Amino acid sequence: MEDERSNDMCPVCKTDRYLSPNMRFLINPECYHKICESCVDRIFSLGPAKCPYPKCNKTLRKNKFKNQLFEDINIEREVDIRKRVLAVYNKIEEDFDTLQDYNAYLEKIEEMVYNLTNNINKEEIEKEISQYQTEHNIEILERATRESQKNEDWTKLQEAQETLRQAKLQLIKDKEEEGVAEQKQRRLKLVELLQNSDVDPEELMKQHRAETSQRSSQRERDIKTLSKQLEEKILQAAVNAQGGVEAGPQTPFTPFCGDRNQFSNYTLLGKPANDLVDITDSYHDPYVNKLAQNREYLGSGWRLKTVYERALDEAFMGLNCFIDIEKAEQSQAQDSAPLAT
Amino acid sequence: MTIPATTRPKASESGKSSKDGSLTPSEKKYVSSDDLYRHSSQYNLWSFTQAQLDEMRRAANEKGRKAALQRFEAARSSAEAENPAVFAAHGEELTSNMLELITYEEEQVFLRFICLQIIQICAHFNMPTQVRATAMSFFRKFYLVHSVMEYRPKNVAYTIVFLAAKLENYFILIESFCTRIPKTKAADILGLEFEVLQTLQFTLLVHHPFRPLWGFFLDFQLALLHPSPVMYDVSVDTIGKLYDQAKTWLNEYALLSDAPFMFTPPQIALAAFYDCDKRITDRYLRLKYLSEGPDSMETIAEEEEDPAVSKHKQTQKEQYDILVKTLKRCIVVAKQELPTSREESAKIDERCFFILSPQKLLKKKIKAFSA
């Protein structure tokens, strides 16, 4: 209870959130003490001053005050420290020859952040960081600009796609409006015709209806072709931005140093059915075949074919592994190996 | 229906090559399904020959004896410090001789009894076959490495059933598990869990023969009934009945035996079929391996001229022979009975208790002497 109240009260001016609901708290990354906005204005407007908290002798500046993002002040602090460290140590994976080096680099960063947040060897690490920064200043700047360039490209792409999408929506809307206006006009015309001419009204109505449906389908077709063209444009923009990364043939992945044997030990009984990509006229198994009628099963991707295939695959997986022979040979090989060397 | 000519020799070749491991990826093009099994932890860590199994069990027993004696000596020296008078008078009677260590044979009988108990526990909780089979496999693996003189089988059995239920998606809350077992605390069951996992080397996937059995049930249908029945008295119902018999056979024999260590799941499944109905199973194997279909007369006439084909026929014959031999051996191994009795097992269990906590045995004896 006590805690909650103190959370809602500025410890400097004792203003309560109950009385002034618009109150905002700010913190300063020097000491992370919570001070309300009006106090910050009051105390620090005239230049740097000492933190009003008792026993905190840090000097704070107004421009360093910021909103608290995380409820836990320790996390807030760690995020700030991490941001600061990462601004200096900003290499990416491509800057390393091996994955191991990169991981070691990441590990080092984590260690620094941890030590800084927990005040272990703080001065040493600060010194190390500043030294690193002075030594690698140019590289760091280069990488930072490269990174911002990348981000810019991405935002540009996003913007381009967004404008294209907007244009598409606008076009569709225009078309529809046009259609509505035209229909209105034609209806007026029809009423006029019905009033003034001596042709059979039934015949006129029929003619009108046929025309309407024809026009609306024409309009739909127009919209479709238009949106298709625009979508292609959007895709094109995306491809251009990526700069053709997907060039070059890709070798298939073979997990066991070889492809799966394409000669199967069995043939699956049954012929493919059209609607559900499953098989029919297959094995006789009342229980499983009944499940295949269950829409809940089918809807979640359950297929008779895969069930049968799995069972048959497992039936022949290791059928010709003769453990007693192979393991005896293995242990013999192990026994004779030390003698040979 | 039969296996294509090119696969058989290749499969056996790759089998050998994966054994000596000298093959480079470029030489080897295809991985057979047998090779896939050779990559499994069940094959690499938990498959043994009969001799290896015996050796491991004897080693475990020996290890258990040593540990028991060590425990006893430690308890004895601390007891001697407490009651020097009793030890001065009866010192020579209070030696490790009073510790009735459990012999290898006794241990095997006792373990078999506990295995039967595990089946009862699983039945008590209404657990599916999968859980029972996994629990059984874990238990047998655990006592391949350790002896009953190191971990009390009763406690291990509960832990293993709980773990197996969890692994096979049949989760029971530990509280409700404990309330249904008398005189057991949650800590006892969970305390051993890591020990068990470590002994299993964290290989938690067990390939059971049940799915292969079903797979063969399906393939029997294809081989024997399609496009037209091969045997006049075999219909879908006959095969279905055979399948049910084979399933019972697996539960009754294979699960409790050393067969899962010595044979692969498909072999055990086929052995179950073979023992239940030799005639149908043999016909199936002949169809599959020896291309003895109803149309075999024409194919033989065609293929006779080609020496490569006749050679292939020979390797097929060899494959068939070795498979049938393996199946027969599997049946023998699965049906090895080890008679157990409740009284005998209860006695061994009591001895186990004193071996695991020698200080209680010493206290009992010292009390008897000082009275």
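When the charge dipole of region A:153-242 is built from unit charges on Cβ atoms (+1 for Lys and Arg, -1 for Asp and Glu) and taken about the Cα centre, the candidate among A:Gln158, A:Leu169, A:Gln185 whose Cα reaches farthest toward its positive end is A:Gln158. Residues in region A:187-196 carry Karplus couplings, in order, of 5, 4, 4, 4, 4, 4, 4, 4, 6, 9 Hz; the curve used is 6.51 cos²θ - 1.76 cosθ + 1.60 with θ = phi - 60°, and Gly or Pro positions show x.
Rounded, prolate or oblate for chain A? Axes are the square roots of the Cα gyration tensor eigenvalues, ordered a ≥ b ≥ c, and the cut-off for rounded is a/c under 1.5.
Here chain A falls in the oblate category.
Considering only B:Leu197, A:Gln68, A:Val288, the residue lying farthest towards the positive end of the dipole of the protein assembly as shown is A:Gln68, judged by Cα position with unit charges set on Cβ. Tell me whether the protein assembly as shown comes out rounded, prolate or oblate; compute the Cα gyration tensor, take square roots of the eigenvalues as a ≥ b ≥ c, and use a/c under 1.5 as the rounded threshold. It is oblate, given that a/c is not under 1.5 and a/b is not larger than b/c. Considering all different alpha carbon pairs of chain B, the Kirkwood hydrodynamic radius works out to 24.1 Å. Cross-link pairs exceeding 20 Å in C-alpha to C-alpha distance, out of A:Lys305/B:Lys278; A:Lys34/A:Lys127; B:Lys154/B:Lys183, comprise A:Lys305/B:Lys278; A:Lys34/A:Lys127.
Peptide A:150-158 has a mean of 0 when you count, residue by residue, the C-beta atoms of other protein chains within 10 Å of its C-beta. Across peptide B:205-215, the average count of Cβ atoms from other chains found within 10 Å of a residue's Cβ is 4.
Calculated FRET efficiency, A:Asp174 to A:Gln207, Cβ-Cβ distance, R0 = 41 Å: about 0.90 to the nearest 0.05. Dipole magnitude for chain A: computed about the Cα centre from +1 point charges on Lys and Arg Cβ and -1 point charges on Asp and Glu Cβ, it is near 1700 debye. Couplings for region B:152-168, taken from phi via the Karplus curve 6.51 cos²θ - 1.76 cosθ + 1.60 with θ = phi - 60°, read 6, x, 4, 5, 4, 4, 4, 4, 5, 5, 4, 5, 5, 4, 5, 5, 8 Hz in order; Gly and Pro are left as x.
If you take all C-alpha pairs in region B:37-87, what percent of them are over 13 Å apart? Across region B:37-87, Cα pairs with separations above 13 Å total 71 percent.
For the pair A:Thr98 and B:Asp188, label points projected 7 Å from Cα toward Cβ lie 5.2 nm apart.
Mind pulling the angle between the C-alpha long axis of helix B:265-276 and the longest principal axis of chain B? Nearest 10 degrees, somewhere in 0 to 90. Approximately 80 degrees, to the nearest 10.
With θ taken as phi - 60° and the Karplus curve 6.51 cos²θ - 1.76 cosθ + 1.60 applied, the whole-hertz 3J(HN,Hα) list for region A:299-314 is x, 8, x, 6, 10, 4, 4, 5, 5, 5, 4, 5, 4, 5, 4, 5 Hz, x standing for glycine and proline.
Based on DSSP H runs of at least 4 residues, each adding -39500 (n - 2.57), what is the mean residue ellipticity at 222 nm of chain B after dividing by all its residues, to the nearest 500 deg cm²/dmol? Present the calculation step by step, with values, prior to reporting the outcome.
Values: 20 runs with 264 residues, N = 371.
Helix contribution divided over all residues of chain B: -22500 deg cm²/dmol.
Between A:Asn7 and A:Val79, the modelled label-to-label distance comes to 1.7 nm, taking each label 7 Å out from Cα in the direction of the beta carbon.
Helix B:7-20 and the longest principal axis of the C-alpha atoms of chain B enclose an angle of approximately 30°.
Take every Cα pair under 8 Å whose residues are at least 6 apart in sequence, average their separation, divide by the length of chain A, and the relative contact order is 8 percent. Charge dipole (Cα centre; +1 on Lys/Arg Cβ, -1 on Asp/Glu Cβ; no other charges) of chain B amounts to roughly 1160 debye. Projecting the Cα atoms of B:Ile366, B:Ser341, A:Gln334 onto the charge dipole of the protein assembly as shown, computed from C-beta unit charges around the Cα centre, puts B:Ile366 farthest toward the positive end.
Here, each number is a calculation from the coordinates, and none is a lab measurement. This is a predicted model, so every value here is computed, not measured. FYI the Cβ positions are ideal-geometry reconstructions off the backbone, even for glycines, and counts take in every protein chain you see.
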